[in-house]
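Read the figures in this text as sums done on the coordinates, not as results from a lab. This one's a predicted model, so the numbers in the text were calculated from it and none came from an experiment. Heads up, the Cβs are rebuilt from the backbone with ideal geometry, glycines too, and the neighbour counts pull from every protein chain shown.
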Amino acid sequence: MTKMKITLFMLAAIAACLMMGSVSAMTHIVGGGHGWRLPDNQTFFEEWAKPRTFGVGDRLVFPYRPGSETVVLVKKEDYKECREKDAIDTYYNGPTILDLTKTGHYYFICDIGKHCEAGQKFHITVVKRKGSSGNPFPFQVNNPALAAPITS
Ligand SMILES: *[C@@H]1O[C@H](CO)[C@@H](O)[C@H](O)[C@H]1NC(C)=O
């Protein structure tokens, strides 16, 4: 009987984890409302990526029209030089949707014209944590009012 209860509890816990996993996975829209196209300045996409946490299970969406942009996954050296000597993957049939399934560093560039040189590039680090947009939560635990001890 006890064994049965433990098994049921474990099943419930696993189910809860799976459900939370699917709910907590983030979809990151690359460039936000601007989308994946020529930025106003060279740091736009790096600034977009910087506050975010990219977790395993998260999804990257590159909004663009086929033919106007590309998404090329390259290595660090190519990223720095805006070239694709060693391209890992190339996508051109926008919008491109990529599921982040593995931890590690990812370097993306657009290989149309001088788009990469103009700043259409960014780098992310995918980690085993929960993804986030980096926006502060509306209710912070460190808010003194909320953290005040409950006395009765
Ligand atoms: C780049 O452009 C974005 C969007 O227009 C702006 O928010 C950001 O401050 C700019 N960065 C620099 C370094 O000018």
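Details
- Added length on full extension, which subtracts the Cα-Cα distance from 0.36 nm per residue, ARG59 to GLU46: 2.9 nm
- Summing Cβ point charges (Lys, Arg +1; Asp, Glu -1) relative to the Cα centre of region 71-120 gives a dipole of roughly 100 debye.
- Ordering of 31-38, 83-90 by packing [mean C-beta count within 10 Å, highest first]: 31-38, 83-90
- Extension reserve of the THR27-GLU117 stretch, reckoned as 0.36 nm per residue once the Cα distance is removed: 29.8 nm
- Note on region 61-130: dipole from Cβ charges, positive end direction compared against THR70, ALA87, ILE124; the farthest Cα belongs to ILE124.
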